[in-house]
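Throughout, read-outs are computed from the coordinates displayed, never taken from laboratory work. Given the structure is predicted, the values throughout are model-derived calculations rather than measurements. All Cβ positions, glycine included, derive from the backbone under ideal geometry; neighbour counts span all protein chains shown.
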Amino acid sequence: MTGNIATIGYGLAALGPGIGLGMLVAGTQEATARQPEVAGPLRINMFIGMALVEALGLIGLAAGFVFN
């Protein structure tokens, strides 16, 4: 077998942020549907959370290159 195990590791590292983003957006949509008047503050918090979750994916990508 040829290749590097880091590619599989990055695939697994990308799975977590993907699930996290789905849960984050779903929760925001549900909260907006329940209380439409707080949609603005919820959207701001969602974008901050998305940035933090995406940072996990980038750390997984960088780790694949660093530990190669």
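Check each of the chymotrypsin sites (Phe, Trp or Tyr not before Pro) in the range 8-68 and keep only those in coil by DSSP with at most 15 other C-beta atoms within 10 angstrom; list them in order. Answer by residue number: Phe67. Among Thr28, Thr7, the ranking by other beta carbons within 10 Å of each residue's beta carbon, starting with the fewest, stands as Thr7, Thr28.
Sort Leu24, Leu15 so the one with the fewest other Cβ atoms within 10 Å of its own Cβ comes first. Don't skip to the end; give the middle numbers.
Working: Leu24 18, Leu15 12.
Neighbour counts put them in this order, fewest first: Leu15, Leu24.
When Val66, Val38 are sorted by how many other C-beta atoms sit within 10 angstrom of their C-beta, beginning with the fewest, the order is Val66, Val38.
Short-range pairs are left out: with C-alpha atoms under 8 Å and at least six residues apart, the relative contact order of the chain is 56 percent.
Counting only Cα atoms, the range 5-66 measures 47, 15, 6 Å along its principal axes, largest extent leading. FRET efficiency for the pair Glu30 and Ile5, taken as 1/(1 + (r/R0)^6) with r the Cβ-Cβ distance and R0 = 35 Å, rounds to 0.35.
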